[in-house]
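Take a look at the structure set out below.
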Amino acid sequence: MWLPVIIFTVILLLIIFEVFDKTVLASLGAVLMIILGIVDFDTAIASIEFDTIILLMSMMLLVEITKESELFTWLTVKMAKISKGNPTLIFLLFILTTAFLSSFLDNVTTIVLMVPVTVALVKGMGRDPKPYIIAEIFFSNIGGTLTLIGDPPNILIGGSTDISFFEFIENLWIPVVGSTILISGIILALHWKTHFKPIASDLRKLFLSHMLIKKITYKFLGKGLNKTFVAKSVFVIFITIAAFLTQNILHLNVAVIALSGAVLLLLLSSKEVEFEKTLSRVEWSTLLFFAGLFVMVGAIEHVGVLEILSDFISDSAGGSYAMLLMMVLWISGLISMVLNNIPFVALMIPVIFGIQAQLDPSLNPELLWWALSLGACFGGNATVIGASANVIGIDLAKKDGVHISFLNYMKYGLPLTVITLAVSSVYLIFRAGI
Amino acid sequence: MTQTFDEQFSKLFREIEIDLGATSLSILVLESLYKAVQGLKGQDHHHFFEQFQELTQNIESTEPKYAIIIDSFYHILRLAYVEEVIHPEQGWPLGKKKFLEQLESMIKEKKEEKQKIVKQSEKINFSGKNILLYHHSGTVEAVLAAAKKKRKKFNVIVAEQDPDKTGETIAFLHNKKIPFRVVPSHTISHIMDEIDMLFMGALTLKSSNDFVMDTGSNGLVLQFDHAKKPIYVFISTKKFSLWKSEKRSEVFTHTSQRQLHEKAISFERIKFSHDRVEMDLFTKIITEEGIFTPEQLKKFYDERLEERIKLEKRIELLR
């Protein structure tokens, strides 16, 4: 019974310490589970959540094609132009754009789009871009929490349950918006004097800002926009999101909606993009990683270990639903601060199902999913290694000559994460009616 | 992180000039200044005048100095001076409107400047000729593109210099379907008989009566002068450096230690930023104001310089 747990733990440790590539390790774990007879091949294949894999692949295709149309870059540059060089507006527009884009794109893509423009603008103005970059990393993770497709933990939860796209937004917007207001307010207040003072009465600073905005425009949008291509991308994204939001009426799986959108965009943009090239940009290794992970978790579930874990968590809560919610939220948060939250959430999904089976239905058991989502997504903000977007954001900043150390990031990340988890706690307790 | 405005502007101007060229840089500067004045809040005219003087000082202190930008700033400074002295009672909203109108007309004029030079260049007959290009110049490219559009027949020989600059010239000629050949610049003497004329652009004209051009230009121009072949320069008068400059004081050198890749021989490699080329060596200078001989241009330049010095003195008195 404990062999699959040992295999999973060893593989997880090897992933954490980056001994080998995470996809190779997850595949190794899956293969070991089959070879050692813990699960047979058919059960292993059946445990792969193909809904999730197809959803991920389709969203990757949609994002890759749209990225080629330069729509996202145009949006970022547009924000810089609207700000007219006002530091507070730059900050607010950039973090809100980050949060908005992250709720529909993966967080890493958002960070790759936002950080270079931010560094070019803010550093060029002679200001320290660190608070801006840290805030963007933060809001990429916060924004990603809002939707089913925004962050891998939500994709995993959405793929394993019948919770709709709209229900994600309906249930998560309060802690996401609440945290956004609180965190942006705190960062603005902390750095008002040094970073965000208005420059509207200073001709030199205004002139410099406008020069930089012009430079950013030609640097990042040098080739100009292919308006037809952009229009096609916007059209498909719009109808895909509309279909996500009306999923309950359409009675379609999110994966089917996303795949339809991707195929439609591939057809419409056949003149602008090379199919083979676009296909090669899909992160197949990530999809394989997910598949391996599903097999490993399926094996653990198969031998009944996760039932024991469900019982243990339920018993530890001492019959208090509030305590149970707080345990799921804060344990998810604490683990996600230092570990990759994807294996953790994959493991926790069957555990949550187990806990829910023991709960009184009048207690609103669905809240456990939101506790897991908020904990896993917000928790990743605490440290540099908490989420992929953090690592990529710090690396991109370093390439542009802005060094943010582990401790430097954590000085902001940890307290602000505790605040967002506290906001989530209040929300969950309020929703549970306790 | 604590860069001065001089340093910030120097870095930014240099980067944009490398990317887009000096003329586009000057248009971008004017457009940015327009937006900055438009967004400026809580001013009276005197406060604006003071701030604009500070900004002009920063613009005059960049390294390298951009005459084309300084010239634009002096146009605005002249207006600011008139407003400060003649209409001190006038409120800022009205003053701001005047500055914006002035900037708007300057941007328009600046965008038309190249076309004016192209118009003047129609007086130069280069049909059926072999033209040598060396200094990478957007103005010369505009002249050739216009001639090609008018179905003039001519051939171009590109003398190689910095690979990026030569590459851009080649890309331009290819895009415009202008027939061309490329030759290493140190072997020009072998095909001198085939070449009819040399077209050059220039970064600026100094008070020492030298044009500032890409490195290697001086040797090439001397070769053409020796062979008694016509040499034309295409330059806007807005690019003239209207201040007293020492001979070669603003040619920047870059020295670096290098190693030969196979044997470990370290040596010092000196690289210069520009060449200074005597104005007298050129046949004609084509500007938006007309076509000049070197003698005529000297006179024109001196008048402009005198005018600028007078304005500087008047503004100095107000400080």
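Every listed requirement among (1) more than 8 Å from every other protein chain (Cβ to nearest Cβ); (2) among the aromatic types (Phe, Trp, Tyr); (3) without any contact (Cβ under 8 Å) to a residue 60 or more places away in the chain is met by B:Phe9 save one, (1).
Every residue, every condition in (1) without any contact (Cβ under 8 Å) to a residue 60 or more places away in the chain; (2) out of contact with any Lys or Arg (no Cβ under 7 Å at 6 or more places or on another chain); (3) surrounded by fewer than 24 Cβ atoms within 10 Å (Cβ to Cβ), yes or no:
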position	(1), (2), (3)
B:Asp193	yes, yes, yes
B:Phe199	no, yes, no
B:Ser208	no, no, yes
B:Phe211	no, yes, no
B:His226	yes, yes, yes
B:Ile231	yes, yes, yes
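Taking A:Gly185, is it free of Cβ contacts under 8 Å to residues at least 12 places away in the same chain, surrounded by fewer than 14 Cβ atoms within 10 Å (Cβ to Cβ) and away from chain B (no Cβ under 14 Å)?
When the stated conditions are applied, A:Gly185 passes them.
Of the residues that make up the range B:20-40, is at least one surrounded by fewer than 20 Cβ atoms within 10 Å (Cβ to Cβ), farther than 27 Å from B:Lys98 by Cβ, in contact with a helix residue (DSSP H, G or I) (Cβ under 9 Å, 6 or more places away or on another chain) and in contact (Cβ under 8 Å) with a residue 12 or more places away in the chain? Yes - at least one qualifying residue is present in the range B:20-40.
Of the candidates B:Glu295, B:Glu303, the single residue that is closer than 28 Å to B:Gln223 by Cβ, open to solvent by 80 Å² or more (accessible area, probe 1.4 Å) and not in a strand (DSSP E or B) is B:Glu295.
In this entry, A:Phe353 is excluded by the filter for residues that are open to solvent by 50 Å² or more (accessible area, probe 1.4 Å), aromatic (Phe, Trp, Tyr) and at pLDDT below 90. Among the residues of the range B:44-60, the ones that are surrounded by fewer than 19 Cβ atoms within 10 Å (Cβ to Cβ) and modelled with pLDDT under 90 come to 4 in all.
Answer with yes or no whether A:Ser260 is more than 30 Å from B:Glu17 (Cβ to Cβ), open to solvent by less than 40 Å² (accessible area, probe 1.4 Å), at pLDDT 90 or above and hydroxyl-bearing (Ser, Thr, Tyr).
Taking the combined requirement at face value, the residue does not satisfy it.
For the range B:89-118, residues that are surrounded by 14 or more Cβ atoms within 10 Å (Cβ to Cβ) and under 30 Å from B:Arg181 (Cβ atoms) total 3.
Taking the criterion of being more than 14 Å from every other protein chain (Cβ to nearest Cβ) and of a type in the set (Gly, Ala, Ser), the only residue of the range A:188-202 that qualifies is A:Ala189.
Considering (1) more than 10 Å from every other protein chain (Cβ to nearest Cβ); (2) of a type in the set (A, V, I, L, M); (3) open to solvent by 40 Å² or more (accessible area, probe 1.4 Å), the lone condition that B:Leu77 does not fulfil carries the number (3).
One line per residue, one yes/no per condition, for (1) under 22 Å from A:Pro87 (Cα atoms); (2) surrounded by fewer than 24 Cβ atoms within 10 Å (Cβ to Cβ):
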| position | (1), (2) |
| --- | --- |
| A:Pro116 | yes, yes |
| A:Pro129 | yes, no |
| A:Asn141 | no, no |
| A:Gly150 | no, no |
| A:Val176 | no, no |
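Among the residues of the range A:38-52 satisfying the criterion of being open to solvent by less than 60 Å² (accessible area, probe 1.4 Å) and under 18 Å from A:Gly304 (Cα atoms), which is modelled with the lowest pLDDT? By that ranking, first place goes to A:Ser47. Does the range A:203-218 contain any residue that is open to solvent by less than 10 Å² (accessible area, probe 1.4 Å) and more than 14 Å from every other protein chain (Cβ to nearest Cβ)? No, every residue in the range A:203-218 fails to be open to solvent by less than 10 Å² (accessible area, probe 1.4 Å) and more than 14 Å from every other protein chain (Cβ to nearest Cβ). Report, by residue number, each residue of the range A:88-109 that is buried (at least 21 other Cβ atoms within 10 Å of the Cβ) and modelled with pLDDT of 90 or more. Answer for the range A:88-109, where residues must be buried (at least 21 other Cβ atoms within 10 Å of the Cβ) and modelled with pLDDT of 90 or more: A:Ile90, A:Phe91, A:Phe94, A:Ile95, A:Thr97, A:Thr98, A:Ala99, A:Leu101, A:Ser102, A:Ser103.
In the range A:230-243, is there at least one residue being in contact (Cβ under 8 Å) with a residue 40 or more places away in the chain, within 14 Å of chain B (Cβ to nearest Cβ) and not hydrophobic (A, V, I, L, M, F, W, C)? Scanning the range A:230-243, I find no residue that is in contact (Cβ under 8 Å) with a residue 40 or more places away in the chain, within 14 Å of chain B (Cβ to nearest Cβ) and not hydrophobic (A, V, I, L, M, F, W, C), so the answer is no.
Look at the range B:41-57: where a residue is at the interface with chain A (Cβ under 10 Å from one of its Cβ atoms) and more than 17 Å from B:His87 (Cα to Cα) and a partner is in a loop (DSSP other than H, G, I, E, B) and open to solvent by less than 70 Å² (accessible area, probe 1.4 Å), sitting 6+ places away or on another chain with Cβ atoms under 7 Å, you get B:Lys41/A:Ala200; B:Lys41/A:Ser201; B:Gly42/A:Ser201.
The criterion of at least 2 residues that are within 18 Å of A:Leu13 (Cα to Cα) is met by the following helices (runs of 4 or more DSSP H) wholly inside the range A:262-353: A:284-302, A:321-338. Go through the range B:142-164 and report how many residues are acidic (Asp, Glu) and open to solvent by less than 30 Å² (accessible area, probe 1.4 Å). Here the count works out to 0.
The single residue among A:Asp106, A:Asp51, A:Asp40 that is more than 30 Å from A:Val236 (Cα to Cα) and either touching a residue at least 24 places away in the same chain (Cβ under 8 Å) or in contact with a helix residue (DSSP H, G or I) (Cβ under 8 Å, 6 or more places away or on another chain) (or both) turns out to be A:Asp40. I'd like the full set of residues that are under 29 Å from B:Ser10 (Cβ atoms) and under 30 Å from the mean Cα position of the chain (by Cα), limited to the range A:188-211. Of everything in the range A:188-211, those that are under 29 Å from B:Ser10 (Cβ atoms) and under 30 Å from the mean Cα position of the chain (by Cα) turn out to be A:His191, A:His195, A:Phe196. Taking the conditions exactly as written (more than 20 Å from the chain's Cα centre (by Cα) and either under 30 Å from A:His195 (Cβ atoms) or more than 10 Å from every other protein chain (Cβ to nearest Cβ) (or both)), does B:Pro88 satisfy them or not? Against the criterion (more than 20 Å from the chain's Cα centre (by Cα) and either under 30 Å from A:His195 (Cβ atoms) or more than 10 Å from every other protein chain (Cβ to nearest Cβ) (or both)), B:Pro88 qualifies.
The values are calculated or read from the model by the stated rules, or taken from the named source; none is laboratory data. Please read all numbers here as calculations on a predicted model, not as lab measurements. Counting neighbours? That spans all protein chains shown, and the Cβs are built from the backbone with ideal geometry, glycine included. Note: accessible area is taken over every heavy atom of the protein model, side chains too, but ligands, DNA and RNA are not part of it. Shrake-Rupley method; radii C 1.70, N 1.55, O 1.52, S 1.80 Å.
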